[in-house]
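Some notes on the structure that comes next.
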Amino acid sequence: MYNQINVQHIKNYFRKPSVLVLTVCKAVTVFISCFLGIFAVGAVNDLLRTLATVSHDADLYEFSSLSVASSIPSVIIDSIIALIPAALWLWIYLSAKSNNINRKPDTVFTVNFVFAVLGIVGSALAIICSGLFFLLGIGMALPYDDMTSSEQEMMSFVSALLIVVSIILLINSVISLIYSIAKAKFFSSAKKSMFSDRVYPSGAVYGIFSIIQAAINLLVCLGTIFFGFVLYNSNEFATDITALSDLLPFIAISRNIPLIIIISGFTGFITVFALVLEGIIALGYNKMAKAVPPTPDFNPYNNGYNQFNQYNQNQYNPNFNGQYNNVNNQNFNQPYQNNQDYNNQNFVNQQPNPNQQTAVPNQPVDNNAYFDGFDNPSQQLSNQMNLENQINNDLNNNPYE
């Protein structure tokens, strides 16, 4: 049983323009990422073909063609999946914007809850992977007797890289886990409020960790832009970056790859803005829920019982018993009092004569001669005497004279 007052409060909140802006930001980010992904596949393909031409490697050239054929559909499918959050927020906005009282955002809240649970599972798996990377990095840092000094230095570099990546992945995974848990609680509470006498405050943790996620993405965007500029100018700075001195000129053969990385870094600012806006919406919902007073005398079970009784009263006539009694009191004896066929002289006993030639003529019968057990006793005696006199007259009257 929905609490229409709480439903209207929730719909009024989620029809705000900020929800629509959040939807647009998420969708724009996905579209830009899709185009950049397609261009990145083309740039990598050009890079591999250039290397295959220089090295006269036919296998590398064939591998580049296969990678393009398989990568572009993957980018499109990933973009479609990435559009689901934007579609869900658009669904929330349209449901809240509708003036139809039967259209409620409870279904989309359930779908968002399911995706938040999937986020919890993914964050937990990422935490496990970060632990495995950390153990692998520790294992690669151990010295081995059969390694040369250059190999040991390379192993040490890879080990340090894995340890740093595992720590960053662990921190990001823990934040994502808390974010997903808070998001699941937020949408669960919003749906539960539609069936309760109050709007449950929720969204404080969800909003805070959305802003924390935005801060982390901001750092990632800045790092991505810096790395893109390093790649773009790798020929000049390759001597200063000894660990990547061989890798950077290799990637910089195609100038499109550094440009794509730089553009993706600037595109990430839209994602940062969307996360900040998502946090503001969650914090605003929590504030709204605290300000909304409980609905007086709301009980879904009693309301359902009352509606059931009202339905029965509408379907069945509440005055049925009274009408039935009135009909019985007024018309029950009417067939016996007014039935002309019953009182008609044609129904008087007609006895045929012994010769079967003719019948005794009928005589008028007094209706009052019938004793029903409810008349006046004196009237009953008078009726009985009149009946006896009529019978005597009939016996003395000979129809053959």
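The values are calculated or read from the model by the stated rules, or taken from the named source; none is laboratory data. Nothing here was measured: the structure is a model prediction, and the numbers come from that model. No Cβ is skipped: glycine too gets one built from the backbone with ideal geometry, and neighbour counts run over all protein chains shown. Only protein heavy atoms, including side chains, enter the accessible area calculation; ligands, DNA and RNA are left aside. Shrake-Rupley method; radii C 1.70, N 1.55, O 1.52, S 1.80 Å.
Using alpha-carbon positions, what is the distance between the centroids of segment 188-204 and segment 102-174, in Å? When both Cα centres are located, 34 Å separates them. For the pair Asp46 and Ile216, how long in nm is the line joining their label points, each one 7 Å along Cα→Cβ? Modelled inter-label distance: 3.5 nm. Measuring only protein heavy atoms, the 1.4 Å probe finds Met288 accessible over about 40 Å². Compute the label zone of Asp78 within segment 254-273: residues whose backbone N is under 15 Å from the point 7 Å along Cα-to-Cβ. Only 260-261, 264-265, 268 pass the distance filter. Applying a threshold of 21 Å to the alpha-carbon distances of Lys26/Lys191; Lys97/Lys185; Lys26/Lys287; Lys16/Lys183 flags Lys26/Lys191; Lys97/Lys185; Lys26/Lys287 as lying beyond it. Residue order by solvent-accessible surface for Lys97, Lys183, Lys287 is Lys287, Lys97, Lys183, largest first, with ligands and nucleic acids left out and a 1.4 Å probe. Less than 5 angstrom separates the built amide H of Tyr2 from none of the residues sequence-distant by 5 or more or on a different chain. Site pair Thr110 and Phe266 shows an inter-label distance of 4.4 nm when each label is modelled 7 Å from Cα along Cα→Cβ.
Solvent exposure of Asp46, expressed as accessible area, is near 80 Å², computed with a probe of 1.4 Å over the protein chains only.
Ordering Val158, Val121 by accessible area with a probe of 1.4 Å, largest first, what comes out?
Working: Val158 45, Val121 80 Å².
These residues rank, largest area first, as Val121, Val158.
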